[in-house]
Every structure is written in C-alpha cells, then in structure tokens.
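Down below is the structure, laid out as structure tokens.
The values are calculated or read from the model by the stated rules, or taken from the named source; none is laboratory data. Treat the numbers as computed from the prediction; the structure is a model and nothing was measured. A quick note on method: Cβ atoms are made from the backbone with ideal geometry, for glycine too, and the neighbour counts reach across all protein chains shown. What goes into the accessible areas is simple: the full protein's heavy atoms, side chains included, and nothing from ligands, DNA or RNA. Shrake-Rupley method; radii C 1.70, N 1.55, O 1.52, S 1.80 Å.
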Amino acid sequence: MANIFLFSCFVYLILLFANDVEAVNDDIGFYELKRGDFSVKLTNYGATVLSVILPDKNGKLDDIVLGFDSIDDYKNDTTYFGAIVGRVANRIGRAQFTLDGTDYKLVPNDGRNMLHGGPKGFSDVIWGVGSHDDHHVTFIYNSVDGEEGFPGDVAVSVTYMLVETNKLAVKMRAMPLNKRTPVNLALHAYWNLGGHNSGDIFSHTIQLLASKITPVDEELIPTGEIVDVKDTPYDFHKPREIGSMFTQLPDGYDINYELDDLNPGHLKKVAVVQESVSGRKLELWTNQPGVQFYTSNMLNNVKGKDGFVYAQYAGICLETQGFPDAVNHPHFPSQIVNPGDIYENIMIYRFTAAH
C-alpha cells in the first residue's frame, strides 16, 4: 500500500511539476530564455541562474548578476552564486532540530551550524530537466530520506519563466512523499543593476517593504526576537542608498526581514532597487513571509565572469524565504510540510530602465 502511495505521488508530481520530462540524468546542460532584449541563462547544476541580460536607459545591454565563466567554478563555489538553496535555506542553529519527538542531527557546514542545506545542498546537485522552450524551463530533483540529515523523500521543482515585458517569474515547489519535514527554498542570486562588473552597490537605492527583522547572534543565528526597524539602520521603508548607514553597520547587511502583508491573499511587494547611472530598476514580489537582505559582505576578491574580481559588497541578495532557524523557534512561521502537501515559493521580478 505504501509503495502504491509513493508511486502515485511521484506520478502526480511529474505531471504537476515537469510536464513532459525530458531528462533525469547526470548531464549538465545550459538553457537560455529570451524575449526581445531580455535574456536569462541557466544551468541544471544547482538550478542556477548564470546571467540576466537587459538594456539600460540608453539601450546598452549588461549582465546584472554575479557569477562564473566555468561550470567547474560553480562546483567549487562557496558563494552560492545564482543557485537554488535548500532543503532548508539560510541557517539552522547547531545543525539540529526536533520534530514529532525525534531529534535530527544535520551536517554542519558553517561552524557548528548548517547553512543553505549543508555541504551538499540543492545548489550542488544536478537537477533533472523538465519541459523547456524559449520562455521557460523547469528543473526537478528528488531529495532522498536522510540527505544531509533531513527526514523523508521530497520531490522538488523550480520553474523559471519570462512573462510580459522584462518580467522573470520563479516558482519553487516541493512535496514530501513519506515523512513530515522542513522545507525552505531560496534563490541566491547576487544583483548589481549597473552590471556585474560595475563595482560596489553602495549607491543603489533600495526600498524594503518590511517593518521588522529577526535579530541574530554572533553566529548569525536568530535570537528568537522579532523587532521593529523604525529609527534603526535597518529601516528602508523610504528609499535610500544602501551605503548610507554603513558607518553604523560596518559589516553590512545580512538579516531576515518580516515582510509587511499589505494586501492579504495577494503576493507581497518585497523591494524596489534602483541604480542611477544605468537607470535600471528591479521590483520584487513574493508569497513568502520573509526576505534575507544580504550585501555580499563575505565576498573576498572572487574571480568571476570575464576575469572580473568581485570585491566585498559587489552585489545584493534578496532571498525570499521562511525565517532562518524556524525549526528551532516555534513562534516563527512553520516550515514543516506534511506528506502530500505542496510547499511553494513564488518570486516575480520586474525590470525597467528610466530614460
């Protein structure tokens, strides 16, 4: 009976997620989505965004995500450039949690903590390839029971799709097949709207539609508090330059924001980011409760595309997600998903360039 249930779940997921699965093997492939001057290149290694190319206010095309030229560099990467991270994104304190009376010991990879799913999270595996054309591609992955210490088998998919004019939609989905398990996926793209090779992001302006943050300790593990950002360097309710308060935060930003739910039942607007020289603007929406705002504080002269060296603060990450370490903080939004239920993380980016 259990085998029939698992088989039924798998068939259902194939139909739901992939639509005409073409390949589930160990081949690494490359895929380009294109609509006019807007193009996105991806690989099924880590379901990774390799490039996002679009015009500036003068029509000049630039690649606005940080990354590498070689797939071998992605395999040896510790920055998570452009990857889907999971089974649980962000940090889990002491790499452990308790669920339904069972203690789970995970594989630490950030001191004594787990970061982005462990030493071999979803960013370091080859995903299967589902349906794809010029406007969309779906990657699929089967995460097995015990992988990096997590319970249960989980079927996972991510679809990247170009919609309308200069919009990129990302839909991450996962369904546990046989055990309750935490799921929290995130896209770890590093953005620089001036171009990946244009230097730091201090002069980018950002508006974050979030009133609260989850403070962290010295190991970047949430303390369990949820505090207001008003009158602090974390307050971006009104747009301001990212570097405007770095004197008060010398290590930059690496913090989870609780998003304001201004229109319940609809996607939340997360952020508006603008860069004045190029005129480019990024707007982001999600269905998730939080976003990790990270200013690439830990980049340390990483050799990237075209030989350009990415110094500290070369890009920003806006990782829509559940709260970090939620498995150890019962008052945080739960990340536990039951067998047969579907986890979904939706992100919609809209890019424009003011003339």
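Structural remarks
- Paramagnetic label zone (point 7 Å from Cα along Cα-to-C-beta, residue 312; backbone N under 14 Å) in the range 200-224: 200-202
- Mean accessible surface per residue for the chain, computed with a 1.4 Å probe while every protein chain stays in place, in Å²: 42 Å²
- Among 122-133, 254-265, 228-239, sorting by the average number of other beta carbon atoms lying within 10 angstrom of each residue, highest first, gives 122-133, 254-265, 228-239.
- Computed over the range 221-355, the convex hull of the alpha-carbon atoms projects to a mean area of 11.2 nm².
- Relative frequency of Cα-Cα separations exceeding 27 Å in the range 20-155, percent: 30 percent
- Under 16 Å from a label point set 7 Å out along the Cα-to-Cβ vector of residue 32, the amide N atoms of the range 145-164 belong to 162.
- For the range 251-322: relative contact order, % (alpha-carbon pairs under 8 angstrom, 6 or more apart): 31 percent
- Panel note: the C-alpha atoms of the range 108-251, placed on their principal axes, show extents of 47, 42, 27 Å (largest first).
- For residue 173, solvent-accessible area (1.4 Å; no DNA, RNA or ligand), Å²: 50 Å²
- For the range 313-355, the fraction of alpha-carbon pairs in successive 5 Å shells from zero, as %: 5, 14, 16, 19, 17, 11, 8, 6, 3, 1, 0
- Accessible-area composition of the range 275-355, carbon plus sulfur, in percent [1.4 Å probe]: 53 percent
- The helix-only estimate of mean residue ellipticity at 222 nm for the chain, built from DSSP H runs of length n ≥ 4 each weighted as -39500 (n - 2.57), is -1500 deg cm²/dmol after division by the residue total.
- Highest average first, the peptides 77-84, 196-203, 320-327 ordered by how many other beta carbon atoms sit within 10 Å of their residues are 320-327, 77-84, 196-203.
- Its relative contact order, with pairs defined as Cα atoms under 8 Å and 6+ residues apart, puts the range 149-211 at 27 percent.
- Anchor residue 167: lysines whose Cα lies under 20 Å away (excluding residues fewer than 8 positions away in-chain): 34, 41, 57, 60, 268, 269, 281
- When both the range 39-74 and the range 81-118 are represented by their alpha-carbon centers, they are found 28 Å apart.
- The range 166-260, accessible surface, carbon-and-sulfur percent (1.4 angstrom probe): 48 percent
- Student exercise, the chain dipole from Lys, Arg, Asp, Glu Cβ charges, in Debye to nearest 20: 540 debye
- Short-range pairs are left out: with C-alpha atoms under 8 Å and at least six residues apart, the relative contact order of the chain is 19 percent.
- Between the C-alpha center of the range 204-228 and that of the range 303-318 there is a gap of 24 Å.
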